[in-house]
Amino acid sequence: MKMKTLNWQSIRAFGKTDSAGRWYPDADVAEYFAAIRSPSRAWPHSYARAAQTAKFARWLAENRPEQAARFGIGK
């Protein structure tokens, strides 16, 4: 079964963008992004792209099931 992933509109619920368009996750999901390159002006979407993967959707379903359920992600 293919895991549903988040789109740009959905990930806005998990973080904020700065004036340069870099997306940063909220503290409650930030631990997932610890090993991912931080956004920069050259790579502004590094966290956002990681949040749009099936791997993040699985992590969210396992670690934050109440948030995953809001977006139709679950087991």
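The values are calculated or read from the model by the stated rules, or taken from the named source; none is laboratory data. The model shown is predicted, which means the values in this text are computed figures rather than measured ones. Neighbour counts run over all protein chains shown; Cβ positions are idealised from the backbone, glycine included.
Of the residues in segment 53-75, how many are part of a loop (DSSP other than H, G, I, E, B), within 13 Å of the chain's Cα centre (by Cα) and of a type in the set (Lys, Arg)?
Matching residues across segment 53-75 total 1.
Of all residues in segment 1-38, which are surrounded by 15 or more Cβ atoms within 10 Å (Cβ to Cβ) and in a helix (DSSP H, G or I)?
Scanning segment 1-38 gives Ser10, Ile11, Phe14, Tyr32, Phe33.
Checking the structure you have, find out if any residue of segment 39-52 is touching a Phe, Trp or Tyr at 6+ places or on another chain (Cβ under 6 Å), in contact (Cβ under 8 Å) with a residue 12 or more places away in the chain and in a loop (DSSP other than H, G, I, E, B).
Within segment 39-52, one or more residues are touching a Phe, Trp or Tyr at 6+ places or on another chain (Cβ under 6 Å), in contact (Cβ under 8 Å) with a residue 12 or more places away in the chain and in a loop (DSSP other than H, G, I, E, B).
Which residues, taken from segment 61-70, are farther than 13 Å from Ala51 by Cα and not charged (D, E, K, R)?
Across segment 61-70, the qualifying residues are Asn63, Pro65, Gln67, Ala69.
A quick yes/no check of all residues on (1) at pLDDT 90 or above; (2) not charged (D, E, K, R):
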| residue | (1), (2) |
| --- | --- |
| Met1 | no, yes |
| Thr17 | yes, yes |
| Arg22 | yes, no |
| Asp28 | yes, no |
| Ile36 | yes, yes |
| Pro39 | yes, yes |
| Ala51 | yes, yes |
| Pro65 | yes, yes |
| Phe71 | no, yes |
